[in-house]
1. As a test of the formula, what do you get for chain A when each DSSP H run with n ≥ 4 contributes -39,500 (n - 2.57) and the sum is divided by the residue count, at 222 nm and rounded to the nearest 500 deg cm²/dmol?
2. Length gain on complete extension for the stretch residue A:261 to residue A:5, per 0.36 nm per residue less the alpha carbon to alpha carbon distance?
3. For the range B:31-68, list residues with backbone N below 20 Å from a point placed 7 Å from the Cα of residue A:112 toward its Cβ?
4. Using r as the Cβ-Cβ distance of residue A:28 and residue B:77, and R0 as 41 Å, what FRET efficiency do you calculate, to the nearest 0.05?
5. Would you mind checking the tilt of helix A:224-252 against the longest principal axis of the Cα atoms of chain A, expressed as 0 to 90 degrees and rounded to 10?
6. To the nearest Å, what is the center-to-center distance of the range A:229-248 and the range A:1-59, using C-alpha atoms only?
7. What is chain B's relative contact order, in percent, from Cα pairs under 8 angstrom and six or more apart in sequence?
8. Considering Cα pairs under 8 angstrom that are at least six residues apart, work out the relative contact order of the range B:124-204 and quote it in whole percent.
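What follows draws every value from the coordinates through simple rules; no lab data is involved. Computed from a prediction, not measured in an experiment: that's the story for all the values here. Note that each Cβ is placed from the backbone with ideal geometry, even for glycine, and that neighbours are counted across all protein chains shown.
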């Protein structure tokens, strides 16, 4: 019996290669900090939160609303973790600027994590006494129940700024952003789901697209070793590009090497 | 050797994460069993969290009713409906009795469909407000949207252009985003397993 599950050898080799690249550049960045271009959506967070502070209206943050529970165990865990990184930064900025903050979540298992992240953010800002458990509102893991609750907050509490980053369902992302636009909110949206990306691109003032969501936490930290992993993923992208180009030419020439390798 | 408090969660994350990852790739029964066990623990925690979430929902709505906010009757009604649905769901056979089925088919399904209809209304509103040819890029974007509308509505014989845009531009663009997100997820996973992704509940 083979040690490696059939059909997963190529995946394992690519995963190890990309991880090794991330690890190498993470260590290299300690002595040679990489240049990473700025992302407008992340640079705009203080502006978006500041608008809410000036108007004395709340900021609403939601880490996506994909229907279901136990999502932290599945393929959306990466997006949710990166959304929490941005959420911690938004909470810290809101605490410093004394802007009211509301965070809604559709996943019950994330409540305690969100409470911890937000409490630590307020502590870092020196405003621990301003933290309240009412900041975090859990609605429902059912998509449209969550949408209904969040629309209610947007309208009733007169939200000034709306930030949605994470795995959504296409329908609810559209409804929430459009409702926020009708309420006159300044918006930042982002997701790594390609089919849901057109909606924040169409409606929001700033957008985080695909991999920008995944790198948000590293960029907001400003830590060189974390930025090094972004540089590593750039090299991984070059490898993928090389595989794509080689695959295109070899398949058209009738040489099945690349396809056979990827099927190993 | 003493472990700092912050290092214990990092070690747990690393061990559990690597075990589950290895269970996906290696045909070693010990690793696969350990991986399944950890995933089972996670599922149990997620299932328990539903109770915690419902409890926190009760507390929040109760506070709103007690605080005499303007819409307190709506919050009170939501609490009543929540209690009724829980009671109905507990009637044997639990989860599939006729009362619960009635609630799901005649209350929840129409409400869900109504809210789903909002999506159509929202897209019309968003397109009407956003489709303005204010710049060259916006004009190209608007032209592409119009061609896609012609494709979906099968108007004026322009479906082949919309099909070409859909099959070549849209699909390849979506795949590029998926590849980029996948590579970014690997980098995020490395940062998370090594404990350097500081955004999630770790004190700075």
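1. -18000 deg cm²/dmol
2. 90.7 nm
3. Of the residues in the range B:31-68, B:37-60 have backbone N under 20 Å from the label point off residue A:112.
4. 0.10
5. 50 degrees
6. Computed from Cα coordinates, the inter-centre distance equals 16 Å.
7. Value for chain B: 18 percent.
8. The normalised contact order for the range B:124-204 reaches 13 percent.
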